[in-house]
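Undergrad: First, the structure itself, so that you have it in front of you.
What follows draws every value from the coordinates through simple rules; no lab data is involved. These numbers were taken from a predicted model, which means no experiment stands behind them. Virtual Cβ from ideal backbone geometry, glycine too; neighbours counted across all protein chains shown.
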Amino acid sequence: MITRPSPRRQGFVWVVLAAAALVVSAGARESRASEAKGDLNLQLRLIETVPVRGSSGPSMTGLARIELLVDAFRQAREVQVAVERPDGTSWTFNGRPFNLRPDDWTDPGGEPLEPDGSGPVVPARGAIRTTIQVPLNGAMVHEIVVRVTALIGDETVTTEAYLTAALGVAPNLPVDDGTFATFSLQEVK
């Protein structure tokens, strides 16, 4: 004789199956994709801030070493990098315009890219990386905007990212005691 489970038991089985499916789908969403997030994207990472020997006080000078990771959904050609201030003006050092010279471009694994006469190329659904050195003038927290422009198809696409680099002063990091986050106000230029 074949017996059927009670409707209550059937409902329990369906709830368990639905919960298992939810756990599996949630785990799949948390995995990291290596695909580009949009037409052209830029991620910045401050590697280090190095003061120039012998400089100190408010007129301190130094360098910020910044790693750039550029990714694109479609192939991006003629990649150009510019460093600006938050107000959109070009980055200057000691009153002179700063000419950016990125280090050699590599793929995300560190393999050098073949040079192209028109500039670096980001492969479709791929990424390239480089390191730049931005001169800093003055003991303060510097706001740095990096702008990347490239040709995607026949269209010029631009993206930018922002970071801060502290030179000769403590970075303005919040102190969290579990209840309140406090931070000090500092001049930012």
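Undergrad: Could you say which residue among Val83, Val121 is in contact with a Ser or Thr (Cβ under 8 Å, 6 or more places away or on another chain) and closer than 30 Å to Asp154 by Cβ? Give the steps one after another, and end with the answer.
TA: Working: Val121 fails: in contact with a Ser or Thr (Cβ under 8 Å, 6 or more places away or on another chain).
Just one listed residue meets the conditions, Val83.
Undergrad: If you don't mind, another one. Please enumerate the residues belonging to segment 50-70 that are touching a residue at least 40 places away in the same chain (Cβ under 8 Å) and of a type in the set (Lys, Arg).
TA: Selection gives Arg65 alone.
Undergrad: Additional query: Contact list please: Cβ distance under 8 Å, first residue in segment 71-90 and among the aromatic types (Phe, Trp, Tyr), second residue surrounded by fewer than 17 Cβ atoms within 10 Å (Cβ to Cβ) and not in a strand (DSSP E or B), pairs at least six apart or on different chains.
TA: Close Cβ pairs satisfying both conditions: Phe73/Glu35; Phe73/Lys37; Phe73/Gly38; Phe73/Asp39; Phe73/Ala124; Phe73/Arg125.
Undergrad: Report, by residue number, each residue of segment 120-138 that is in a loop (DSSP other than H, G, I, E, B) and either within 18 Å of Leu163 (Cβ to Cβ) or touching a Lys or Arg at 6+ places or on another chain (Cβ under 7 Å) (or both).
TA: Initial filter on segment 120-138 (in a loop (DSSP other than H, G, I, E, B)): 120-121, 123-125, 138.
Residues satisfying the conditions are Val121, Ala124, Gly138.
Undergrad: Among what's in segment 108-126 and is in contact with an Asp or Glu (Cβ under 7 Å, 6 or more places away or on another chain) and surrounded by fewer than 18 Cβ atoms within 10 Å (Cβ to Cβ), pick the residue that is farthest from Val81 (Cα to Cα).
TA: Looking at the filtered set, the residue picked out is Arg125.
Undergrad: If you don't mind, there's one more thing I want to ask. Quick one: how many residues across segment 67-98 are over 19 Å from Leu113 (Cα atoms), crowded, with 18+ Cβ neighbours inside 10 Å and among the aliphatic types (A, V, I, L, M)? Walk me through how you get there before you give the answer.
TA: Pass one, segment 67-98, residues over 19 Å from Leu113 (Cα atoms): 82-98.
Remaining after also requiring crowded, with 18+ Cβ neighbours inside 10 Å: 83, 91.
Now narrow it down to the ones that are among the aliphatic types (A, V, I, L, M): 83.
Total satisfying the criteria: 1.
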